[in-house]
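Where a number appears in this text, it was derived from the coordinates with a stated rule and is not lab data. Everything numeric here is computed off the predicted structure, so don't read it as measured data. Here the Cβ positions follow ideal geometry from the backbone for every residue, glycine too, while neighbour counts run over all protein chains shown.
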Amino acid sequence: MRVTFWGVRGSYPVPGTATARYGGHTSCVQVDVPGKSPIILDAGTGMRALGRHLKSGPLGRGEGSVNVLLTHLHWDHIQGLPFFDPVFVPGNRLNIFARSGRGTRLNDAIAGVAGDAVFPVVFKDLPANFKFMPVKPRDDFEIEGVHITPIALNHPGTSTGFRINAGGRSVAYITDTSPFDRIRYKKTFARGVPGHLVAGDRRILARMEKDLIAGIRGCDLVIYDTTFTEDEYAQTPHWGHSTPWQAIQIARAADAKKLVLYHHSPLRSDDDLDRMLDDARQRSSDMHIEIDAARQGESLEVR
């Protein structure tokens with residue numbers, strides 16, 4: 001498998017000289033399995049450049065298909081869809097897999113990114129063919145023989161991580177999620193006060209953490225939400241994101257081989273990310289896990 005990062009930020013894009021090395025586009029990752037249609041993880045603003053790249057192949061002729069796995073429907077994970085060039089080419093097929101949030105039908109939620117109030121071409125007039133497939137955690141499925149495991153995450157409005165297995169190799173994409181110790185998210189908002197969980201919440205969180213660790217166990221590559229420093233997480237645990245140390249603990253428990261820090265805060269400069277990465281490597285130096293940070297435009301071979 002080959003993994004390419006087209007967008008690595010959370011919340012909103014941050015182009016500029018301070019983010020040139022790691023990149024400023026929001027979440028979008030491409031996974032290529034030889035002989036299969038591209039798998040796209042999230043559809044943030046990085047999807048624009050990916051679309052231009054893919055137009056050089058069958059998708060430029062209206063003869064291609066892509067499979068888009070959406071962790072959730074927050075704006076920074078779907079705002080690139082109407083700027084994805086292949087959606088304007090008749091004959092192309094986009095298969096979109098996601099959980100619907102807050103009682104909204106999946107196709108209605110996706111159509112909202114290109115409604116007539118916010119975009120010049122409404123979703124129903126896009127010439128490509130769309131197929132919407134709801135997913136459920138613990139309900140594995142296959143795409144062209146590639147095995148996909150959806151994993152429930154701890155985030156407002158729900159979020160779903162994905163493990164992709166193909167050819168004896170595995171990649172896990174785990175964003176957006178809080179840890180599983182201070183706060184539990186339900187469908188719409190956090191329940192209770194951070195640090196004062198009720199017994200039922202603690203049981204559910206313990207099960208979610210156990211399922212996550214089992215879901216990514218032994219993964220060759222884990223891409224994990226590390227939006228916050230520890231001070232930032234202490235101030236806003238209810239925003240639904242993690243720190244590098246929290247990601248390291250999960251990856252270590254799962255015996256993952258490589259961890260990539262991801263969903264970088266838009267407030268974080270390249271120099272800040274260098275320091276965050278150095279600190280993560282130092283704190284985990286005795287754990288036998290390789291650690292890096294996602295950089296826009298970089299590709300990794302999973303062998």
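Quick look at the numbers
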quantity	calculated
Kyte-Doolittle mean at least -1.0, axial Cα span of 15 Å or more - DSSP H helices of the chain	199-215
Sum of side-chain charges, Cys219 neighbourhood, beta-carbon under 13 Å (Lys, Arg +1; Asp, Glu -1)	+3
Under 15 Å, Cβ to Cβ, from Pro90 - net charge with Lys/Arg +1 and Asp/Glu -1	+1
Inter-label distance, nm, simple model (7 Å from Cα along the C-beta direction), Phe141/Glu230	4.0
Of (1) 29, 22, 20; (2) 46, 25, 17; (3) 31, 26, 16, the label for semi-axes √(5λ) of the Cα gyration tensor in Å derived from the coordinates	(1)
Summed side-chain charge close to Ala111 - residues other than Ala111 whose Cβ falls under 14 Å, Lys, Arg +1, Asp, Glu -1	0
Protection-proxy order for peptides 234-247, 66-79, each taking the mean of Cβ atoms within 10 Å per residue, highest first	66-79, 234-247
Fraction of antiparallel bridges per DSSP, region 2-301 only, in percent to nearest 5	50
Residue-span extension gain [Asp279 to Arg169] - 0.36 nm each, minus C-alpha spacing	36.8 nm
Cα shape, region 24-143, gyration tensor, a/c 1.5 rule	rounded
Distance violations [Cα-Cα > 24 Å] among Lys210/Lys258; Lys36/Lys131; Lys55/Lys131; Lys136/Lys210; Lys131/Lys257; Lys55/Lys124	Lys131/Lys257
For the chain, size of Cβ-based charge dipole, Lys and Arg +1, Asp and Glu -1, in debye	840
